[in-house]
Amino acid sequence: MSAGADEQADAVVVGAGLTGLVAAVRLAQAARGRRVLLLEAGAEPGGRARTTEHHGFRLGLGPRALYRTTRDGLRALGVRVPGRSPDLGGARALRDGVLHPGYAAAGPLLRTPLLTLRERVAVARLLGLARGRSDLAGTDAAQWLGDRLPTERARQAAFAVLRISSYTGRPDLIGADALSLHFAEVRRGVEYVDGGWRTLTDALLARARELGVELRTGWRCAVVEGGPRPRIVSADGHAVRSRSVVLAGLPQRAAGQLLGLAEAGADSPAARPLHTACLDVALSRLPDPRSTLVFGVDEPLYLSVFSRTARLAPQGGAVVHLARYDDGSGLGASEVRKRLYELLDLSQPGWRDAVVHERFLPRITTMTALPEARTGGLTGRPGVRVPGHQGVFVAGDWVGPHGLLADACVLSATRAAEAAAARL
Ligand SMILES: Cc1cc2nc3c(=O)[nH]c(=O)nc-3n(C[C@H](O)[C@H](O)[C@H](O)COP(=O)(O)OP(=O)(O)OC[C@H]3O[C@@H](n4cnc5c(N)ncnc54)[C@H](O)[C@@H]3O)c2cc1C
């Protein structure tokens, strides 16, 4: 297609997952009256925050907890989502194949027979007083816990709690700054969202439309040519010119490839993704209403009955999410699935008779790039501007010095959108 026939827009956002939806809303707010296009390769927006519906049950792609930073970021855009905090007091801990009263909250932690008094106090201090330490950039979490806790058992117990909120099973890799800052954030409270994260992406999309954003689905971006007015070209040759473009939610390597920086992406030391295995289950009834939250201690497992807290199931039914975090052990998908079933058997005996729907995701990407100690943790992540490409900005879970998971998406999307709007 010749440049003369290019479609014109003021700003373009590529990718309509959570990051792209936030970026589009913020851009449209900051540049009222300008033409903002939101281009999505898939058939619908939402990306990894999608929720599917089965006979009235809402199933997220794996478990989802909304952190305060994300919630506050959405509120600042005029988007409120209904949800509630899960009760951590009744959590159970899985150790040696047996369920014990858990220690996810301060009370149970200080009483648990799984740790000695000295261990309990040390773990409680670490978790209870974690304020977030940016000076820990460059230190891995294994070393941080090793320095602060007296025994391997105490380290395992603390990491069991930290793992749930960060999704990482690799204390030897993740930067202690990222883990401690994130945990301090999580202690401010988390919420399970009524209707699943679809509620959140639908609300963002409605807000974007209200502000005049135009969404195009089935539009896969293949190339972004830099310059004072970047040119965004689709896989089938359609081209759009605009003053600013935000590449939103694309992994670092994919964004680099669109910009012709493939070699930089391939060598990037920050490009190691984090995967998780998830089992999402809809049940017509919950066999054991007391067993609704389980943290694995000696194995990176998790189970939560989300419908106990959020509206996700029809009357009497239940939505249960299970996960096994990648700990580098290299277990095959069938073995992982077997262990998730074993946890469900233990927590909810008889569940098989009540299955309405189940979905196993052996390897979904929870973070496109883990903030590793060796790359400087959070402070080692790239910023929203792409050196040498004025008018091109990036946002996503691998961008910016703040936040993990959706928090990083919302913070970097807001920052990128403001920088993009400033060029209009
Ligand atoms: C199992 C699981 C559990 C999670 N739990 C939590 C949690 O509890 N709390 C939390 O805060 N976060 C959680 N997260 C993380 C959170 O869901 C993600 O950080 C967030 O949804 C990522 O959004 P994104 O827009 O950056 O990326 P994506 O959702 O991946 O969206 C990117 C979008 O870009 C589109 N795209 C890609 N390439 C192109 C192209 N070339 N042209 C056009 N479009 C393109 C894709 O189709 C996609 O729609 C979890 C993630 C997973 C997988």
Taking a label point 7 Å from the Cα of Leu331 along the Cα→Cβ vector, which residues of region 337-353 have an amide N closer than 15 Å to it? 337-347
Using a 1.4 angstrom probe on heavy atoms only, work out the carbon and sulfur share of the accessible area of the chain in %. 50
Based on the mean of other Cβ atoms within 10 Å per residue, sort peptides 285-294, 375-384 so the most packed one is first. 375-384, 285-294
For the chain, max minus min Cα coordinate along each principal axis, in Å, sorted largest first? 72, 49, 38
Residue-by-residue Karplus 3J(HN,Hα) for region 66-77, coefficients 6.51, -1.76, 1.60, Hz, glycine and proline x: 8, 8, 5, 4, 5, 4, 5, x, 5, 4, 5, 8
Probe 1.4 Å, all protein chains present, accessible-area order of Arg253, Arg385, largest first: Arg385, Arg253
How big is the charge dipole of region 250-374 about its Cα centre, in debye rounded to the nearest 20, if each Lys and Arg gets +1 on its Cβ and each Asp and Glu gets -1 on its Cβ? 360
Mean shadow area of region 355-416 over all directions, Cα convex hull, nm²: 6.4
Given unit charges at Cβ for Lys, Arg (+) and Asp, Glu (-), the dipole magnitude of the chain about its Cα centre in debye, nearest 20, is 960
Based on DSSP H runs of at least 4 residues, each adding -39500 (n - 2.57), what is the mean residue ellipticity at 222 nm of the chain after dividing by all its residues, to the nearest 500 deg cm²/dmol? -9500 deg cm²/dmol
Using θ = phi - 60° and the Karplus form 6.51 cos²θ - 1.76 cosθ + 1.60, what ³J(HN,Hα) does each residue of region 280-287 get, whole Hz, x for Gly and Pro? 10, 10, 9, 10, 6, 8, 9, x
Counting only heavy atoms of protein chains, what accessible area per residue, in Å², does the chain have with a probe of 1.4 Å? 39
Given all pairs of different Cα atoms, what value in angstroms does the Kirkwood hydrodynamic radius of region 116-186 take? 11.8
Given a 1.4 Å probe and heavy atoms of the protein chains only, how would you sort Asp140, Asp236, Asp6, largest accessible area at the top? Asp236, Asp140, Asp6
Student exercise, region 327-415 dipole from Lys, Arg, Asp, Glu Cβ charges, in Debye to nearest 20: 340
Longest principal axis of the chain (C-alpha) makes with the long axis of helix 405-421 (C-alpha) an angle, in degrees to the nearest 10, of 20
Exposure rank, largest accessible area first [Glu418, Glu299; 1.4 Å]: Glu418, Glu299
What angle do you read, to the nearest 10 degrees and between 0 and 90, between the alpha-carbon axis of helix 176-186 and the longest principal axis of the chain? 80
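The values are calculated or read from the model by the stated rules, or taken from the named source; none is laboratory data. Here the structure is a predicted model, which is why all the values come from computation and not from measurement. Please note: Cβ atoms are built from the backbone with ideal geometry, for glycine as well, and neighbour counts cover all protein chains shown. Heads up: the accessible areas ignore ligands, DNA and RNA and are worked out on the full protein's heavy atoms, side chains in. Shrake-Rupley method; radii C 1.70, N 1.55, O 1.52, S 1.80 Å.
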